[in-house]
Amino acid sequence: RRSSTKHGPSNVASLPSPSSSIAHWLFGHELLAFTHDATLMYSIWARALGPVYRIRASLFYPDVIVATDHAAVQRVFARATIYVKEPAWRQMIENWSGRGIVWAEGEEHARQRRLLTPAFTPEIVKGMAPDVIQCTEELESKLISHISQTPSQSTTIDIMHPVSACALDIFGRVGLCYDFQALHSTVLTPGPQPAVTAKAQTDATLIMGSWDELVNASLSFAAFVAKGVIRAFPFIMRLPLPVLRQQGTGNRVIQELGARLLDKGGDRKGRDIMSILLKAHDDSEAGDGGGLTRDQIIQNMSTLLMAGHETTAGSVTFIMYELARHPHVQAKLREEIRNGGNMTHDSIQKLQYLDAVIKEGFRLHPTSPVTERVALEDDILPLSKPIIGQDGTIVENIYISKGQAILIPFTTLNTNPLVWGSDGATFRPERWLKEGVENGGVPQPADRPNGWSGITTFCNGPRNCLGWRLGVFETKVIVATLVRSLEFRTTDDVVRTAISPTLQPIINGHGGIMPLRVSLA
Ligand code: HEM
């Protein structure tokens, strides 16, 4: 970082910062963020220091700006070609999900985005509804039959794995026109899924097993250090070490499956995402005809699975957890759903309390809880309101230089008490039924951050979530279907949270499990 930018002297150093006495000498303030629940420290610091501050980074990397000011955040979201994902991290994205739209930057991103967008229109998502509802009813039947077989008609299950299996089955059908049968092989008892013998392995067990491994490996201190090392010493990623280019199992399985399905051709029904992408297929190897090459279609199927599967499953899981913690909300929701008639795409949209519950869940538990960007050039970040710098100066704009890292904690924006009111961090769906914090409602639209429903859960701008419409619909269907026939209560387990790599519930140090007490409603 330089102390002057092409727009004027950099004032990043004058931004407020947490006390250096709580910064680790080697890992800075980032160690505290890592050792506490998901985004907790970012929210605590925002309350103490204001909407924009800087933290000391690991391994002597320059200070990172943490931005929650609406104007500054909007600028970063909107200028997606200047504020890009950490370049050294791109190899990891490629390892886990291929060279698809999440990996792409600049013009290549804009091109892929244009070609993928037709797969997520309102009409296309409506056409996916029967598959979404059918997969979810299979989940409902599995849970009902499991509970009916227990002597007390009530038992503790891990809700996260079956919901994740259901989301995988949905993606299989709407994405690939393929039946993963993931739910079939999912064990409901709380705790890690049992190991599967090589003979019993399926695409679904491989994808879900490798995700479990990634979640728990990313929780470790070693993973925290590795992330800092890659950022501070990016040349490492260019070393010719095979381990740095090792393809994740989930990525490999889905790419092999995509290739097999494309080779088979013929019987595609035409409405699934891969068929829609095939319409944008470009026969030229290099893709210079403007469309997607066969390889890009396959890479994007993996990308879409990785971006959409566990984010949706995690959203449902945290909403079920909130419903278990708030039995009166659960009962009110059940009544609305039972009075709402048969579940169809259109009937779901009419359920207002369900809509409020889902929005409140997405607000409090964004399953991709932070995003990080690096500036490719000098820029000026505007602020909605001036802040007082550490040296007493008034800061109206932040002059940043090329290479500056910026972290945006979505949860902090979504729960800011100065915007959402003093109960901003509390689960209270009723707030979505009216406007105006003073009336107990949501803030007026102009006071909320930019993004879907005035929250940042799906990001915003040219890189906002491409699959939000499908994700919201799936979440509504799964929550409504489970709540209509089952009752959920909490257990005595202490639920912690971590970003690993998406928002995870942590029980006794193990990630990706959510035990809930379930009985027939
Ligand atoms: C319902 C839960 C979901 C949540 C909370 C969520 C959240 C997000 C967020 C925050 C981003 C931006 C990440 C960043 O730039 O740092 C994103 C991007 C993306 N999401 Fe989602 N997502 C969800 C579901 C889905 C689904 C169901 C799909 C598709 C099947 C999907 C596909 C994508 C894609 C392709 C991107 C990259 C867009 C781009 O870079 O242009 N997501 N999502």
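Read-outs: derived from the displayed coordinates by stated rules, not from any lab. Quick caveat: nothing in here was measured; it's all calculated off a predicted structure. Because the Cβ atoms are built from the backbone with ideal geometry, glycine has one as well, and the counts that use them run over all protein chains shown.
The GluC sites (Glu not before Pro) of the range 349-417 meeting both criteria, a DSSP state outside H, G, I, E and B (loop) and at most 15 other C-beta atoms within 10 angstrom of the site's C-beta, are Glu377.
The distance from the alpha carbon centre of the range 103-122 to that of the range 348-397 is 23 Å, rounded to a whole number. Across all Cα pairs in the range 169-243, the calculated P(r) in 5 Å bins from zero up to the longest distance comes to 3, 12, 15, 17, 14, 11, 12, 12, 3 percent per bin. The distance linking the range 162-183 with the range 26-44 is 35 Å (Cα centroid to Cα centroid, whole angstrom). Asn339 versus Thr249, label points 7 Å from Cα toward the beta carbon: distance in nm? Result for the modelled spin labels: 4.8 nm. Positive contributions from Lys and Arg (+1) and negative ones from Asp and Glu (-1), summed over other residues with Cβ under 13 Å from the Cβ of Gly512, come out at -3.
Extension gain for the segment His24 to Lys6, taken as residue separation times 0.36 nm less the Cα-Cα distance, is 3.2 nm to one decimal. By the Stokes-Einstein formula, at 1.306 mPa s and 10 °C, the range 21-122 with its Kirkwood radius over alpha-carbon pairs has D equal to 98 µm²/s.
If you take the alpha carbon atoms of the range 20-80 and fit the smallest convex hull around them, that volume is 94 Å³ per residue.
Given +1 at the Cβ of Lys and Arg, -1 at the Cβ of Asp and Glu and no other charges, the dipole of the range 150-226 around its Cα centre is 60 debye to the nearest 20. From the square roots a ≥ b ≥ c of the eigenvalues of the alpha-carbon gyration tensor of the range 465-521, which class results: rounded (a/c under 1.5), prolate (a/b over b/c), or oblate? Note, shape of the range 465-521 comes out oblate. Peptides 117-129, 243-255 ranked from most to least packed by the mean count of surrounding Cβ atoms within 10 Å: 243-255, 117-129.
State which entries of Lys142/Lys434; Lys227/Lys385; Lys6/Lys85; Lys85/Lys264 exceed 27 angstrom in Cα-Cα distance in the structure shown.
Those over the limit are Lys142/Lys434; Lys227/Lys385; Lys85/Lys264.
Using a simple spin-label model with pseudo-atoms 7 Å out from Cα toward Cβ, Val495 and Glu137 lie 2.8 nm apart.
Hey, got the dipole for the range 178-317? About the Cα centre, +1 on K and R Cβ, -1 on D and E Cβ, debye to the nearest 20? Working shown, then result.
Working: 13 positive and 14 negative charges, 56 e Å.
Computed charge dipole of the range 178-317: roughly 260 debye.
Go ahead and estimate [θ] at 222 nm for the chain from helices alone: -39,500 (n - 2.57) per DSSP H run with n ≥ 4, summed, over the residue count, rounded to 500.
-13500 deg cm²/dmol
Among residues other than Gly389 with Cβ under 15 Å from its Cβ, the summed charge is -2 (Lys and Arg +1, Asp and Glu -1). Taking a Cβ cut-off of under 13 Å around Asp493, the surrounding Lys, Arg, Asp and Glu residues balance to a net charge of +2, with basic ones at +1 and acidic ones at -1.
For Ala217 and Val196, calculate 0.36 nm times their separation in residues minus their Cα-Cα distance, and state this gained length in nm to one decimal.
Value of the extension gain: 5.7 nm.
For the peptides 397-407, 342-352, 133-143, the ranking by mean Cβ contacts within 10 Å, running from highest to lowest, is 397-407, 133-143, 342-352. Based on the Stokes-Einstein relation at 20 °C and a viscosity of 1.002 mPa s, and on the Kirkwood radius from alpha carbon pairs, the chain is assigned a translational diffusion coefficient of 89 µm²/s. With bins 5 Å wide beginning at 0, the percent of Cα pairs of the range 87-199 falling in each bin runs 2, 10, 14, 14, 16, 15, 12, 9, 5, 2, 1, 0, 0.
For the chain, a simple Cβ point-charge model (Lys and Arg +1, Asp and Glu -1, everything else neutral) yields a dipole of about 500 debye relative to the Cα centre.
On the principal axes of its alpha-carbon atoms, the range 99-141 has extents of 46, 21, 9 Å, going from largest to smallest. For the range 89-127, list residues with backbone N below 11 Å from a point placed 7 Å from the Cα of Ala226 toward its Cβ? Correct set: 92.
If the chain between Gln444 and Leu241 were fully stretched, how many nm would it gain, using 0.36 nm times the residue separation less the Cα-Cα distance?
Roughly 67.8 nm would be gained on extension.
Across the range 342-477, Cα-Cα pairs more than 27 Å apart make up 31 percent of the total. D by Stokes-Einstein for the range 117-161, Kirkwood Rh over Cα pairs, 10 °C, 1.306 mPa s: 124 µm²/s.
Given contacts defined as C-alpha pairs under 8 Å and at least six residues apart, what's the relative contact order of the chain, whole-number percent?
25
Residues of the range 389-415 with backbone nitrogen within less than 11 Å of a virtual label 7 Å along the Cα-to-Cβ line of Ile82, please, listed as ranges. In the range 389-415, the label zone of Ile82 (backbone N under 11 Å from the point 7 Å along Cα→Cβ) covers 398-402.
Fewest neighbouring Cβ atoms within 10 Å first, the residues Leu239, Leu214 line up as Leu239, Leu214.
Based on every Cα atom in the range 431-508, Rg and the maximum pairwise Cα distance Dmax equal 16.4, 43 Å.
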